[in-house]
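Report on the structure given below.
The values are calculated or read from the model by the stated rules, or taken from the named source; none is laboratory data. From a predicted model like this one, the values you see are computed outputs, not experimental measurements. Here the Cβ positions follow ideal geometry from the backbone for every residue, glycine too, while neighbour counts run over all protein chains shown. To get the accessible areas, we keep the full protein, side chains included, count just its heavy atoms, and leave off ligands, DNA and RNA. Shrake-Rupley method; radii C 1.70, N 1.55, O 1.52, S 1.80 Å.
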Amino acid sequence: DQQVKQNSPSLSVQEGRISILNCDYTNSMFDYFLWYKKYPAEGPTFLISISSIKDKNEDGRFTVFLNKSAKHLSLHIVPSQPGDSAVYFCAAKSPRLTQGGSEKLVFGKGTKLTVNP
Amino acid sequence: DAGVIQSPRHEVTEMGQEVTLRCKPISGHDYLFWYRQTMMRGLELLIYFNNNVPIDDSGMPEDRFSAKMPNASFSTLKIQPSEPRDSAVYFCASSPGGSNEQYFGPGTRLTVT
């Protein structure tokens, strides 16, 4: 069963408009969330993150919102640019409970964003 | 820094053959992760190492898969024997201790015919 879900496989928006990518999770132990961006034939690259003690983190055109009660986070891109066209992965991390314990990230399946000029 | 280096970038092999994927993590990173990406399952963690020691291999699909990290600058993922369902993109990532971010290599696209 998937602990991190990105229910929209694809999203298409016009240049200059807002892109909203959504992510839901099931494990309440997750304490840190990340968004990665992936271009074809490249590895994912880190984009932005948020700790579970916050509800918003902003970095330039990118903002991540976290709703813990709903176990939902979203990535907003404003304004969207053609260069933002990529696959976006949501990832979540559990706290390390024991020394040497989990540093694992659990990834969603990704959402392919297309920004049309 | 050159980033995480993976080789080969592409591998085509016949069913039953042994396949070895290689990874050089970023210097100084304590953690190394192997992932597999498929359309059906997305990006899934296979195994990860901390200071060259395997910590969690629960994602390794079968005994046909094995991974080693003989030193801090090199890791291998081996599939023996390979099967067509192993066709996927395999990523290696590394991370410094205390960081939540992982740095990914460009991946190896494996095709098993």
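Screening the candidates A:Val78, A:Val87 for the property of being out of contact with any His (no Cβ under 9 Å at 6 or more places or on another chain), open to solvent by 60 Å² or more (accessible area, probe 1.4 Å) and either at pLDDT 95 or above or not β-branched (Val, Ile, Thr) (or both) yields one hit, A:Val78. Counting just the residues of region A:17-60 that are part of a loop (DSSP other than H, G, I, E, B) and facing another protein chain (nearest Cβ under 9 Å), which one comes out surrounded by the most Cβ atoms within 10 Å (Cβ to Cβ)? Result: A:Pro44. Within region B:31-46, residues that are at pLDDT below 90 have Cβ atoms under 9 Å from residues that are of a type in the set (D, E, K, R) in these pairs: B:Met39/A:Lys109; B:Met40/A:Lys109; B:Arg41/A:Lys109; B:Gly42/A:Lys109, counting only partners at least 6 apart in sequence or on another chain.
Taken over region A:32-58, residues that are touching a strand residue (DSSP E or B) at 6+ places or on another chain (Cβ under 7 Å) and more than 30 Å from B:Gln6 (Cα to Cα) amount to 6.
Considering only residues that are in a loop (DSSP other than H, G, I, E, B) and either open to solvent by 90 Å² or more (accessible area, probe 1.4 Å) or among the charged types (D, E, K, R) (or both), which ones fall in region B:1-33? Of everything in region B:1-33, those that are in a loop (DSSP other than H, G, I, E, B) and either open to solvent by 90 Å² or more (accessible area, probe 1.4 Å) or among the charged types (D, E, K, R) (or both) turn out to be B:Asp1, B:Arg9, B:Glu14, B:Met15, B:Gln17, B:Glu18, B:Ser27, B:Asp30. Scanning for something assigned to a strand (DSSP E or B) and within 14 Å of another protein chain (Cβ to nearest Cβ), does region A:72-79 turn up at least one residue? No, region A:72-79 has no match at all.
Only a single item in (1) within 14 Å of another protein chain (Cβ to nearest Cβ); (2) surrounded by 21 or more Cβ atoms within 10 Å (Cβ to Cβ) is not met by B:Ser75, and it is number (1).
Within region B:3-45, the residues that satisfy the criterion of being hydrophobic (A, V, I, L, M, F, W, C) and touching a Ser or Thr at 6+ places or on another chain (Cβ under 9 Å) are B:Val4, B:Val12, B:Met15, B:Val19, B:Leu21, B:Cys23, B:Ile26, B:Leu32, B:Phe33, B:Trp34, B:Leu45.
Listed by first and then second residue, the pairs with beta-carbon distance under 6 Å, at least 6 apart or on different chains, first residue in region A:41-55 and free of Cβ contacts under 8 Å to residues at least 12 places away in the same chain, second surrounded by 14 or more Cβ atoms within 10 Å (Cβ to Cβ), are A:Glu42/B:Pro106; A:Gly43/B:Phe91; A:Gly43/B:Phe104; A:Gly43/B:Gly105; A:Gly43/B:Pro106; A:Gly43/B:Gly107; A:Thr45/A:Lys37. Residue check: B:Ala88 meets all listed conditions (1) within 13 Å of another protein chain (Cβ to nearest Cβ); (2) open to solvent by less than 20 Å² (accessible area, probe 1.4 Å) but one, namely (1). Going by the structure shown, is B:Asp56 in contact (Cβ under 8 Å) with a residue 60 or more places away in the chain, surrounded by 17 or more Cβ atoms within 10 Å (Cβ to Cβ) and not hydrophobic (A, V, I, L, M, F, W, C)? The answer is no for B:Asp56.
The set of residues in region B:34-52 being more than 8 Å from chain A (Cβ to nearest Cβ), assigned to a strand (DSSP E or B) and more than 17 Å from A:Lys38 (Cα to Cα) consists of B:Leu46, B:Ile47, B:Phe49.
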